[in-house]
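A short write-up of the structure that comes next.
The values are calculated or read from the model by the stated rules, or taken from the named source; none is laboratory data. Small disclaimer: the values here were computed from a predicted structure and weren't measured. Note: ideal-geometry Cβ built from the backbone for every residue, glycine included; neighbour counts use all protein chains shown.
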Amino acid sequence: MASEEDGGDCPVSSDIQPGDRGSFLCLLCSINVPNRPSLDDHLRGRRHKRMCEERDKRQQQQERSVFVSGFQKGTTEEQLKDVFQSISSVKNIVMDKDRGLYAIVEFENSDGVSATLEEHDIKLEGQQLKVKPREKKEFKKRRAGTRNLQPPDPEALSKELIHCKDWKNKMKSVVTLCSPSRHESHLRELLLSLLKETFTEFFPGCQLHPFGSSVNGFEISGCDLDLYLELGEELNGEKDDVEGAESKEEDVKNDGDGEKVDSLEVEEVQEDEIMETEEKCSDDDENITPGLSLKGLSNEEILNLVDRVLRQCVPGVHGVQTVPSARRPVIRFQHKTSGLRGDITLNNRLALRNSFYLRLCSDLDPRVPQLVYTVRYWARVNQLAGNPLGGGPLLNNYALTLLIIFFLQSRSPVVIPSLCQLREIAAEEDTHVIDSWDCTFPSDPTKIQPSKNEQSLGCLLSEFFFSFFSSLDLRSSIFCPRDGVIITLPFTSAPPSWADGFRLGVFNVQDPFELSHNVCSNVSSKTARRFSSQCISAAKTCRSPLYCLRSLSRPWGIISLLLPNTSEGSKKEGIDISIPLTGTSLKAVTLAVKRVLVEVLLCSCEEDSSLKNEAENTGKGKDEMKRSGDEGEQAVSHMEGLVIGDERSEFKAEELNKDGMKTEPHGRKRENTEEIQNDTKRRKVECTNEDSILEQESIVPGQKEHKKGKKTKGLKELAKENVSLMRINVWHQVWEGRRRQRRGKFGEMTQKIELETAVSRALSSGTIDSKPCKPLMKITVKTKQTNEGNAQLHLTPEMDDYQCSTNFLHFLKSFLPQMVQEILSGDD
Ligand code: UTP
């Protein structure tokens, strides 16, 4: 080890550069350390490790991805995915958000890259795509605050959440980790005041109001800055509304912990980060002068004028693009150094008002923001919501938030009252009518009675997925957060007046104010289908035995929901374990292995499907199947009770709504859906494994054969080679926390097998007498004799929905040989 004095002669990584007088510079982290011991500390520290991990991750991403161009503007991620998925499994697609001209396609592994580069004719809608390997870019630390504004990715988020001890803390942490930092909020404020200043100069008397997630209480790091520019000459009798909004805007800014931006952080948020610009006002300067009059200009002309002010006169702004054809014409822009994006709309007082309504909902109950952030994150990782380029086939975040609000209105007792119920307690001054829509609701959340609903967040989250969308026919339902009811289609009586303009789609959510607006009219049928299937999958995760069981080594609780679903199609490698056959037979070792797995570790051996069929064809078999099926049914309901607790699948029934339409209590029994039925059936069958059969017994030479047909033949062949096969279902998480449990049992038991069995039973307490309906994983154990006289075990995970096979197999690697030796030596 080098001494402090000599500055250290030991080679250190290429990230480290020696500096003056024994100091070092870590190029990766841009950090100077004075001497070698400090360097060692730094290299061992979390910050450096995180940077190394990030660099490795980026390198792997680069190796697994290609650069794609040559497609039409407006091409979606989904279209590209369809093309490349046919070559190799696609993990992720990142589009060039500014112009939509190129994309990075990341495959599950690097084979996808070589396979793609070998293809010479990749086309999308007749257009030849250009595909290039990624350029190898050096990984550099980003300057704080610049272009790195986004919530943590799922891996980073799960690393943080794994330390939270309960649901409440986890969901609270999702809010904190996904919200913008104070640094980012400060950047937003600076950008807003810069824009306000410029626009006021050009359009005297105008007002610029932030709306959307900046004010509604659900702001996520990196989200757009939605702005409504109210031009001076439009100010009229409705000015009061906007003044109200202005004061609320101040409230929103000043709330939270009320702290000022920390002076240390301000050091990093330099004004010039916002002001940094190429010289903007150039050629067209003479055409655009402060104090513009808008008299006589059409909306489109005004929009063009605002576009030009933004383009030419706001420092640091680029990528300005006007979309006049949008439902609400919009001007998009980006701030170059901060990476913040913004949308400016005119005439959008409804949006301002609905943002304050969402803010009110967020303030009514602390569970609201926690649920909204979590569901939004889930929808984001599963690419269900948040069209990055504005329009698109996914749900927008506003629509998703309204769905969650609707869900909370439908609990019993309600978590949030419906908008109509809220209106009943609105004060005179809360009355607002915008574009002839009633936008009244109380402004003061403290005037609203706290909810009597005491459901936990975990419970609400699983209900959201489970009793809600997984059982609903989306096409024939309209969710109405104004009344807190679902209208089922077709209308049973004369359609209400708003129905005329309402664009029915595959997913229908009524705007609570602009009643003729379906906020989901853009959603494609593919998205709606994926939304339902992801809800079903999330509901299943919520019911899984590991969902509520804490673990430091595998995803549990909401982490398992927030990680993208990667279990499908990724089959894991197995492991080999070698056990010496000292004076014993392969059969004896195989039986000892079975004993360890079944007796000590509480697994079961699965019967072969052909055997099951055989059993079904005999009367006795049928009876047994029925008995086991009943047990399965009981176990299903037990698990549901266990995990979901006070789950209620029925929505609050409201027979008639305000418009006199018949509405259906939501939550047509989930058991009605095919998916749930199949799931239940499958689990029943899985529950018939009580008297599991050691396949090995049927194939070891000299023993009676149970099986017929193709499978038996395969097994016979294996038997000839003296190979045996067991299929094991693992039911309990017995590999975690053994040491601690074992310590507690020492002294009570002298026999090792007895001790280890007691440890497993203690670890599985609560579930031991009511075996869950679905195993945590299935593994096959292949045993054969090697020329060296060892029993060679190959263990392969076959089903690993909870992604815990790696840990289990790792544990078996040392545990299994020890236990088998113990049994064979006759001590037990
Ligand atoms: P977003 O869907 O962007 O929602 O709509 P958001 O909460 O701001 O989410 P992010 O974080 O920016 O993605 C922005 C606002 O536009 C209005 C609403 O006021 C919403 O808050 N809006 C959107 C509507 O009024 N109607 C719509 O159909 C969509």
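Tabulated data for the structure shown
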item: Answer residue from segment 369-409, given it is more than 17 Å from the chain's Cα centre (by Cα), of a type outside the set (A, V, I, L, M, F, W, C) and modelled with pLDDT of 95 or more and is surrounded by the fewest Cβ atoms within 10 Å (Cβ to Cβ) among those; result: 398
item: Options 116, 198: the member that is closer than 28 Å to residue 59 by Cβ, away from the ligand (no atom under 16 Å from the Cβ) and touching a residue at least 24 places away in the same chain (Cβ under 8 Å); result: 116
item: Pick from segment 184-236, criterion of a type in the set (D, E, K, R) and assigned to a loop (DSSP other than H, G, I, E, B), ranking: modelled with the highest pLDDT; result: 219
item: Condition check for residue 320: touching a helix residue (DSSP H, G or I) at 6+ places or on another chain (Cβ under 7 Å), away from the ligand (no atom under 14 Å from the Cβ), within 25 Å of residue 189 (Cβ to Cβ) and modelled with pLDDT of 90 or more; result: yes
item: Within segment 381-428, tally of residues that are away from the ligand (no atom under 11 Å from the Cβ), part of a helix (DSSP H, G or I) and in contact (Cβ under 8 Å) with a residue 24 or more places away in the chain; result: 12
item: Whichever residue in segment 440-481 is surrounded by 22 or more Cβ atoms within 10 Å (Cβ to Cβ) and part of a loop (DSSP other than H, G, I, E, B) and, among such residues, is farthest from the chain's Cα centre (by Cα); result: 441
item: Extreme residue, farthest from residue 562 (Cα to Cα), among residues of segment 336-380 that are more than 12 Å from the ligand (Cβ to nearest atom) and among the charged types (D, E, K, R); result: 336
item: Output for segment 15-60, where each listed residue is polar (S, T, N, Q) and within 27 Å of residue 109 (Cβ to Cβ); result: 59, 60
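Here's the yes/no breakdown for (1) modelled with pLDDT of 90 or more; (2) touching a Lys or Arg at 6+ places or on another chain (Cβ under 8 Å); (3) within 16 Å of the ligand (Cβ to nearest atom):
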site: 500; (1), (2), (3): yes, no, no
site: 504; (1), (2), (3): yes, no, yes
site: 512; (1), (2), (3): yes, yes, yes
site: 525; (1), (2), (3): yes, no, no
site: 549; (1), (2), (3): no, no, no
site: 555; (1), (2), (3): no, no, no
site: 559; (1), (2), (3): no, yes, no
site: 578; (1), (2), (3): yes, no, no
